[in-house]
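Supplied in structure tokens, the structure appears directly below.
The values are calculated or read from the model by the stated rules, or taken from the named source; none is laboratory data. From a predicted model like this one, the values you see are computed outputs, not experimental measurements. Methodologically, a virtual Cβ is constructed for each residue, glycine included, from the backbone with ideal geometry; neighbour enumeration extends over all protein chains shown.
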Amino acid sequence: MKSIGVLLLALPLAAQTRLAPDAANCADSKSLPKLVMCRIDNCESKTGDHLDVPVRDDGQGGEPITTGIDGDTRAVMYECTESTTPADIVRHASIVLRASGFDLPYTFADKEGAITARKGDQWLTVEAASHYYTVTEITAAPPDEDAIVDAPSIEDALENAGTIPLYGITFLAGRADIAPESVITLREVFAMLQDNPDWRIRVEGHTDSTGTKAANQALSLKRAQAVVDYLVNRGVKRARLEAVGKGDADALAANSTDAGRKRNRRIQLVKLEQK
């Protein structure tokens, strides 16, 4: 396996020049170690940083669509031999990242190069120009659930975290009938889906531990299906939605208090990979 990795990462060897040693006090990226024939040039860490990272093409040849991510960042700049191109860097970095379990929502390679990679709440960007590239790693801060009240904030939360609980969707006690006040949040979910027509979403129903496991499982599925049915009736294609009942299996808090049980009773959206 090691020999394969070396072959995959081997960059052009023509007209190479000797590189200086790695910069002192700069550790290599663990997610994307430096490519062959490259060195660490410098590094920087920031607490409470904000990055706007590209996540997809705009479909019209313009600037890519970006999403904002907040969290602590660490950036490492690398210098490679002069024959190395941005296309070389993007190609080989993509292979390593995919092999490490990262999804790559955005890649670009021309006179400059760029990659956005994601695995759970871990994000990584690569920016390449000439024979230099910078790897920036960021762990997304958990979203403020109370601030997720409209389509843009729901979209941002799903883009950044991949999943989000929506406490604005509630049901009549012990039933799968959607409470009237939930329409406000449901309309925002519908608007978010309209703004992102290529997204697929799993709608998860969750309960507290009151009642039997079997009853909670059945109720959670019915509630998730009720949300799916609402969205489909509004015009969302059913193939874009998946209803799943989780019962009380994925508690977010202890069920021993009213506050904990209230937090566990929820509809949770999960962004799925595109087919």
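Test of understanding: among Gly101, Gly120, Gly113, which residue is surrounded by fewer than 18 Cβ atoms within 10 Å (Cβ to Cβ), of a type in the set (Gly, Ala, Ser) and either in contact with a helix residue (DSSP H, G or I) (Cβ under 9 Å, 6 or more places away or on another chain) or under 22 Å from Asn42 (Cα atoms) (or both)?
Gly120
Count, please, the residues in segment 45-81 that happen to be surrounded by 15 or more Cβ atoms within 10 Å (Cβ to Cβ) and either over 25 Å from Gly162 (Cα atoms) or of a type in the set (Phe, Trp, Tyr) (or both).
Number of matching residues: 6.
Let me ask something else. Pick out the one residue from Thr85, Thr47, Thr67 that is within 30 Å of Val36 (Cβ to Cβ) and β-branched (Val, Ile, Thr).
Working: Thr47 fails: within 30 Å of Val36 (Cβ to Cβ); Thr67 fails: within 30 Å of Val36 (Cβ to Cβ).
Checking each option against the conditions leaves just Thr85.
Could you tell me which residue of segment 201-235 is surrounded by the fewest Cβ atoms within 10 Å (Cβ to Cβ), considering only residues that are hydroxyl-bearing (Ser, Thr, Tyr) and touching a residue at least 24 places away in the same chain (Cβ under 8 Å)?
Looking at the filtered set, the residue picked out is Thr210.
Regarding Ile178, is this residue closer than 23 Å to Arg263 by Cβ and surrounded by fewer than 16 Cβ atoms within 10 Å (Cβ to Cβ)?
Here the answer is no, as Ile178 does not meet what is asked.
Failed condition for Asn25, given (1) loosely packed, with under 14 Cβ neighbours inside 10 Å; (2) assigned to a strand (DSSP E or B), with all others met?
(2)
Please indicate, with yes or no, whether at least one residue in segment 85-104 is of a type outside the set (A, V, I, L, M) and touching a Phe, Trp or Tyr at 6+ places or on another chain (Cβ under 7 Å).
no
Still on this structure: Quick one: Met37 ticks every box in (1) in contact with an Asp or Glu (Cβ under 9 Å, 6 or more places away or on another chain); (2) farther than 15 Å from Ala117 by Cβ; (3) not small (Gly, Ala, Ser) except a single one, so which number is it?
The single condition Met37 does not satisfy is (1).
Kindly check whether there is at least one residue in segment 181-193 that is buried (at least 20 other Cβ atoms within 10 Å of the Cβ), of a type in the set (Gly, Ala, Ser) and under 22 Å from the mean Cα position of the chain (by Cα).
Checked against the condition, which is being buried (at least 20 other Cβ atoms within 10 Å of the Cβ), of a type in the set (Gly, Ala, Ser) and under 22 Å from the mean Cα position of the chain (by Cα), segment 181-193 yields no hits at all.
Looking for something surrounded by 14 or more Cβ atoms within 10 Å (Cβ to Cβ), at pLDDT 80 or above and out of contact with any Phe, Trp or Tyr (no Cβ under 9 Å at 6 or more places or on another chain) - is there at least one such residue anywhere in segment 4-18?
no
Would you point out the residue of segment 206-248, among those that are under 21 Å from the mean Cα position of the chain (by Cα) and of a type outside the set (D, E, K, R), that is nearest to Asp150 (Cα to Cα)? First the steps, then the outcome.
From segment 206-248, those under 21 Å from the mean Cα position of the chain (by Cα) are 240-244; that's our starting set.
After this cut, where a residue has to be of a type outside the set (D, E, K, R) as well, the list is 241, 243-244.
Numbers: Leu241: 19, Ala243: 21, Val244: 23 Å.
Ranking the candidates gives Leu241 first.
Working carefully through the options Ala151, Ala179, find the one that is over 19 Å from Arg202 (Cβ atoms) and among the hydrophobic types (A, V, I, L, M, F, W, C).
So the residue among Ala151, Ala179 that is over 19 Å from Arg202 (Cβ atoms) and among the hydrophobic types (A, V, I, L, M, F, W, C) is Ala179.
Take Leu241 and decide whether it is in contact (Cβ under 8 Å) with a residue 60 or more places away in the chain, among the aliphatic types (A, V, I, L, M), touching a helix residue (DSSP H, G or I) at 6+ places or on another chain (Cβ under 9 Å) and surrounded by 16 or more Cβ atoms within 10 Å (Cβ to Cβ).
Details: in contact (Cβ under 8 Å) with a residue 60 or more places away in the chain: no; among the aliphatic types (A, V, I, L, M): yes; touching a helix residue (DSSP H, G or I) at 6+ places or on another chain (Cβ under 9 Å): yes; surrounded by 16 or more Cβ atoms within 10 Å (Cβ to Cβ): yes.
No: the conditions fail for Leu241.
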